[in-house]
Amino acid sequence: MIGEEGNHGWPWQSLVSVVVWGMSFAFVRTAMDVLTPAGVVGMRLLIGSAVLMVFLRWRGSPIWPVRADVGRCVFLGVVLAVHLLIQAYGLNYTSAISTGVIIGFVPVSLAIGAFLFQGHRMAGAGWLGVLVATGGVVLVALDRNPEFERATFGDLLQLSSCVTWTIYTLSAAAVVVRNGAMRVTVFAMVVASITSLGLSLVTGLVNGVLTWRVLADLGFLGVLCSALAYVMWFIAQRRHGPTRAGSMIYFQPFVSIAAGAAILGERVTTGAVVGGAVVLGGVYLVSIGTRRVRSGRIS
């Protein structure tokens, strides 16, 4: 990977990814006017994995991981399915705006997971950031939106998806080193798609008549969100390094707020804006307060 010290320019590729991902919650909500949560997740991943396989083949790269890592990648695919299904089901109970803000807690969840399982630790600023970010999530959860009677339940589901993404990310670390992020992502998407579509045999795939709007939603979620955004993210990581590329993630909650208001007509509440700002403040403190333990432990 190219070192950050030798990079020049602005990591616009990662900003593109963050904007697309920030808008995804609004498109999932509109797609679920016709499709079940399992149907939305299964179809978007089926489309996304197909596009990424074409991209890998065009590059002349292997599509599947090495045989020794297939079992781990199957596990990653199941976790990915659970992660996206939790988010989709959660959107039945809470707003896309609240979802986008709560998902901004992911870097904090990752830092805690790395502290517990991968030999990382946090300085005082990091632990202060955990408290601050948690307070921001609480502000969002306490900000009652009359349009959603069970918003607290939905918010808890979205918060739990931060845990599933942490499990996915930490479990994928060693496999990605051996196979590359793109190959692992494609295989995990295929498994997650099969898992979700299998679940749809029980829950149903559609609950209405397919429209061009829903097909357009699936196109956005599959081609842009589940394929193009990942490609752009990997390019940004390679060209600018993980820190500079990852800094764009701070914009994601505010993209979700704008998308929820513009696409779904959701009300932008003071609690969502203030809570989002507090979460990002906590995430920033965690980022500057986290450091690697230099020891003989395997991470």
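The values are calculated or read from the model by the stated rules, or taken from the named source; none is laboratory data. These figures come from a predicted structure and were not determined experimentally. Here the Cβ positions follow ideal geometry from the backbone for every residue, glycine too, while neighbour counts run over all protein chains shown.
Here are a few things to note about the model shown:
- Every residue from region 17-60 that is touching a strand residue (DSSP E or B) at 6+ places or on another chain (Cβ under 8 Å) and under 14 Å from M189 (Cβ atoms): M43
- Members of region 202-213 found to be part of a helix (DSSP H, G or I), touching a residue at least 24 places away in the same chain (Cβ under 8 Å) and under 13 Å from D33 (Cα atoms), listed by number: R213
- Positions within region 93-129 being in contact with a Gly (Cβ under 7 Å, 6 or more places away or on another chain) and hydroxyl-bearing (S, T, Y), in sequence order: Y93, T94, S95, T99
- Residue list for region 175-186, restricted to those being of a type outside the set (S, T, N, Q) and either without any contact (Cβ under 8 Å) to a residue 12 or more places away in the chain or buried (at least 18 other Cβ atoms within 10 Å of the Cβ) (or both): V175, V176, V177, M182, R183, V184, V186
Yes/no matrix, rows are residues, columns are (1) assigned to a helix (DSSP H, G or I); (2) modelled with pLDDT of 80 or more:
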{"residue": "S200", "(1), (2)": "yes, yes"}
{"residue": "L215", "(1), (2)": "yes, yes"}
{"residue": "W233", "(1), (2)": "yes, yes"}
{"residue": "Q237", "(1), (2)": "yes, no"}
{"residue": "F254", "(1), (2)": "yes, yes"}
{"residue": "V274", "(1), (2)": "yes, yes"}
{"residue": "V279", "(1), (2)": "yes, yes"}
{"residue": "V286", "(1), (2)": "yes, yes"}
{"residue": "R297", "(1), (2)": "no, no"}
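- For region 106-115, the criterion of a residue being surrounded by fewer than 22 Cβ atoms within 10 Å (Cβ to Cβ), over 25 Å from A192 (Cβ atoms) and in contact with a strand residue (DSSP E or B) (Cβ under 7 Å, 6 or more places away or on another chain) is satisfied by at least one position.
- Subset of region 9-41 (residues that are hydrophobic (A, V, I, L, M, F, W, C), touching a Gly at 6+ places or on another chain (Cβ under 6 Å) and either assigned to a loop (DSSP other than H, G, I, E, B) or over 17 Å from L84 (Cα atoms) (or both)): V34
- So V70, is it surrounded by fewer than 22 Cβ atoms within 10 Å (Cβ to Cβ) and either of a type in the set (D, E, K, R) or farther than 17 Å from R178 by Cα (or both): no
- Just one residue in the set V41, V82 is farther than 25 Å from I235 by Cα and at pLDDT 95 or above; that residue is V82.
- Criterion (within 28 Å of V40 (Cβ to Cβ), in a loop (DSSP other than H, G, I, E, B) and of a type in the set (A, V, I, L, M)) met by exactly one of I63, I97: I63
- The set of residues in region 118-144 that are surrounded by fewer than 18 Cβ atoms within 10 Å (Cβ to Cβ) and not in a helix (DSSP H, G or I) comprises Q118, G119, R121, A123, R144.
- Matching residues in region 25-50 - criterion: being within 12 Å of L264 (Cα to Cα) and surrounded by 24 or more Cβ atoms within 10 Å (Cβ to Cβ): F25, A26, F27, V28, A31
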